[in-house]
């Protein structure tokens, strides 16, 4: 595994690090889907308190990616019910139904190196939509929704430790890799996806040719920060309340669900503020903004699953409980 990469990779990392939504896209493609997900709802969406479903996510994804020039294929990759011999079940239920990883693969030139992209917390592969055309011109791009996120299966999340939570993401990704028969690939992770990608590379270095971490989370612990601000803040009434909410696994997505039919308006304000403009001066078009807002809402409002990893991977203040720097210093800890 090479952590530096080839001469073309630093340029790509620099391009992405400006924003996960940097490259331009402005035409249509004809996606195909083999999704087997079925709606969990019987009522029309206009009559639901939370007007979404897995089918809504996939449909919103198709609409968003329709502005990409590069043709692609969308599929739901079966990863089984649990890793063979694993002590950790991915969904802790009486059902042995298989789970699926939502996957998008873009057309590429023959013999192009394979680039696998892993999204961050509260996101999904569609957040990279402005990167896909530029990257697909040089790589075989495959973007995935992590288990419990985006359009992938959303099993009940009942992990009770950092180790179990890491296994949830790492083992499901490994089963996906086996199902796709991939190896010797470039693995790119953004934010929390960077944390997962790094942990995966430590556990399965034989499959990772290059590792690219874009704004990765989880590199340092609270003690590494050498700051007392978080301790002092916890001692205040505001800090005590926020710390309690954190330890209770109260996520931003719960606010979206709690607002019901008013949730989309909040998401619209979020996407406009977060992705309205970039350092490059590029601004989302009206169409892009509308499609992204719709897509983000459905991914956030769907059933809580992978999002519940937060308290187990990070302590209050977003400090890693098992920092990556410690793992890279001593790979035997992985």
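Within region 134-153, being surrounded by fewer than 24 Cβ atoms within 10 Å (Cβ to Cβ) and within 22 Å of residue 54 (Cα to Cα) holds for one residue alone: 142. Residue 196 meets the conditions (1) surrounded by fewer than 23 Cβ atoms within 10 Å (Cβ to Cβ); (2) touching a helix residue (DSSP H, G or I) at 6+ places or on another chain (Cβ under 8 Å); (3) modelled with pLDDT of 95 or more; (4) not in a loop (DSSP other than H, G, I, E, B) in every case but one. The failed one is (1).
Of the residues that make up region 90-111, is at least one surrounded by fewer than 16 Cβ atoms within 10 Å (Cβ to Cβ) and at pLDDT 95 or above? If you could, list the steps in order and put the result at the bottom.
Of all residues in region 90-111, those surrounded by fewer than 16 Cβ atoms within 10 Å (Cβ to Cβ) come to 92-98, 107, 109-111.
Subsequent filtering for residues that are at pLDDT 95 or above retains 107.
Yes - at least one qualifying residue is present in region 90-111.
If the condition is being surrounded by fewer than 17 Cβ atoms within 10 Å (Cβ to Cβ), in contact with a strand residue (DSSP E or B) (Cβ under 6 Å, 6 or more places away or on another chain) and modelled with pLDDT of 95 or more, then region 26-77 contributes only 73. Comparison of 173, 100 shows that the only residue that is in contact (Cβ under 8 Å) with a residue 40 or more places away in the chain and not in a strand (DSSP E or B) is 173.
So is residue 235 more than 17 Å from residue 79 (Cβ to Cβ), touching a helix residue (DSSP H, G or I) at 6+ places or on another chain (Cβ under 8 Å), surrounded by fewer than 20 Cβ atoms within 10 Å (Cβ to Cβ) and without any contact (Cβ under 8 Å) to a residue 60 or more places away in the chain or not? Before the answer, list the steps.
On the way: more than 17 Å from residue 79 (Cβ to Cβ): yes; touching a helix residue (DSSP H, G or I) at 6+ places or on another chain (Cβ under 8 Å): no; surrounded by fewer than 20 Cβ atoms within 10 Å (Cβ to Cβ): yes; without any contact (Cβ under 8 Å) to a residue 60 or more places away in the chain: yes.
Considered against the rule, which asks whether it is more than 17 Å from residue 79 (Cβ to Cβ), touching a helix residue (DSSP H, G or I) at 6+ places or on another chain (Cβ under 8 Å), surrounded by fewer than 20 Cβ atoms within 10 Å (Cβ to Cβ) and without any contact (Cβ under 8 Å) to a residue 60 or more places away in the chain, residue 235 comes out as no.
Across region 176-189, the number of residues qualifying as assigned to a helix (DSSP H, G or I) and farther than 16 Å from residue 102 by Cβ comes to 1. For region 170-187, the criterion of being in contact with a strand residue (DSSP E or B) (Cβ under 8 Å, 6 or more places away or on another chain) and closer than 19 Å to residue 253 by Cα is satisfied by no residue at all.
So, residue 213, is that one farther than 16 Å from residue 310 by Cβ, in contact (Cβ under 8 Å) with a residue 24 or more places away in the chain, in contact with a helix residue (DSSP H, G or I) (Cβ under 8 Å, 6 or more places away or on another chain) and surrounded by 15 or more Cβ atoms within 10 Å (Cβ to Cβ) or not? So residue 213 fits the description; yes. Among the residues of region 263-301, the one identified as touching a helix residue (DSSP H, G or I) at 6+ places or on another chain (Cβ under 6 Å) and outside any helix (DSSP H, G or I) is 284.
The values are calculated or read from the model by the stated rules, or taken from the named source; none is laboratory data. Computed from a prediction, not measured in an experiment: that's the story for all the values here. A quick note on method: Cβ atoms are made from the backbone with ideal geometry, for glycine too, and the neighbour counts reach across all protein chains shown.
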